[in-house]
1. Taking region 197-217 on its own, how many of its residues are farther than 17 Å from Trp51 by Cα, surrounded by 10 or more Cβ atoms within 10 Å (Cβ to Cβ) and among the hydrophobic types (A, V, I, L, M, F, W, C)?
2. Only one of these is at pLDDT 95 or above, more than 11 Å from the chain's Cα centre (by Cα) and more than 16 Å from the ligand (Cβ to nearest atom): Leu90, Leu120. Name it.
3. Suppose we keep only residues that are of a type in the set (Val, Ile, Thr) and open to solvent by 10 Å² or more (accessible area, probe 1.4 Å) within region 88-105. Which one would you say is farthest from Glu161 (Cα to Cα)?
4. For region 40-58, which positions are exposed (fewer than 10 other Cβ atoms within 10 Å of the Cβ) and of a type outside the set (S, T, N, Q)?
5. Output the residues belonging to region 34-74 that are within 16 Å of the ligand (Cβ to nearest atom) and either farther than 24 Å from Val107 by Cα or assigned to a loop (DSSP other than H, G, I, E, B) (or both).
6. Return the residues of region 180-212 that are more than 19 Å from Leu65 (Cβ to Cβ) and free of Cβ contacts under 8 Å to residues at least 40 places away in the same chain; say none if nothing qualifies.
7. Kindly provide the set of residues from region 166-187 that are crowded, with 22+ Cβ neighbours inside 10 Å and in contact with a strand residue (DSSP E or B) (Cβ under 6 Å, 6 or more places away or on another chain), ordered by number.
8. Select from region 145-165 the residues that are surrounded by 14 or more Cβ atoms within 10 Å (Cβ to Cβ) and among the polar types (S, T, N, Q) and list them in ascending order.
Amino acid sequence: MSNDPSIFRFTDGDTIDSLIHRNKEWSQRLSALRPALFPALANAQHPQILWIGCSDSRVPETTVLDLLPGEVFVHRNIANILPTGDLSSLSVIQYAVEVLQVKHIIVCGHYGCGGVMAALGNKRYGLIDHWLQNLRDIRVANKEELAAISDPVKRVERLVELNVVAGVNSIKRNESVIEAMEERGLEVHGFVYDVAHGTCGVLEVPADPNTDVYCYK
Ligand SMILES: [Zn+2]
């Protein structure tokens, strides 16, 4: 199915040159529709949204949100994980919040996430296991809830959601974010994208970002 040209526009027989051609046609089409767009983007970017999502090819943020170039600042990695001390995501968040002054941060997971499926098992995959350990830690922290779900698809879906909650909580514990939430009303949201329908849902996330951290009193 993946090679069916009636579905996809870049298939086995297509070359890199065809991508350049496609890009030319796209930029001409968009310029005709919105002549001011590319000249405005040449000056600066003013996105209002920071999107943190999975690298999965089925979840391209600007496309699924039906937005334009310049509207979404993006950080994507396998299974939209935000490990403590990850310089890449921390730098993106700081730049988006302090310099670009985004108004919304969206952490978006997606059902059918391969990273989440892998993290639910104990099969070893090599280097990537270091990355997936972050998800396995969430799995361990929620083992009773996950074990009570008998349907393996539903179990994947639940870990996808728990990972989004962990991501939102982690962002809401970030110093730049805390300050921007207090001073200018920055909002942090959890989304889940359904690849089978192309639809985004808002995930309810506890208001207290420390709900996933055991607290000694
Ligand atoms: Zn994924």
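1. Going through region 197-217 one residue at a time, the tally reaches 1.
2. Leu90
3. Val99
4. The answer is Ala42, Ala44.
5. Of everything in region 34-74, those that are within 16 Å of the ligand (Cβ to nearest atom) and either farther than 24 Å from Val107 by Cα or assigned to a loop (DSSP other than H, G, I, E, B) (or both) turn out to be Ser55, Asp56, Ser57, Arg58, Val59, Pro60.
6. Of everything in region 180-212, those that are more than 19 Å from Leu65 (Cβ to Cβ) and free of Cβ contacts under 8 Å to residues at least 40 places away in the same chain turn out to be Met181, Glu182, Glu183, Glu204, Ala207, Asp208.
7. Within region 166-187, Gly167, Val168, Ile171 meet the criteria.
8. First, the residues of region 145-165 that are surrounded by 14 or more Cβ atoms within 10 Å (Cβ to Cβ): 146, 149, 155-165.
Asn163 - this is the single residue of region 145-165 that is surrounded by 14 or more Cβ atoms within 10 Å (Cβ to Cβ) and among the polar types (S, T, N, Q).
The values are calculated or read from the model by the stated rules, or taken from the named source; none is laboratory data. No experiment lies behind these values; they were computed from the predicted model shown. Note that we place each Cβ from the backbone using ideal geometry, even for glycine, and neighbour counts take in every protein chain shown. Heads up: the accessible areas ignore ligands, DNA and RNA and are worked out on the full protein's heavy atoms, side chains in. Shrake-Rupley method; radii C 1.70, N 1.55, O 1.52, S 1.80 Å.
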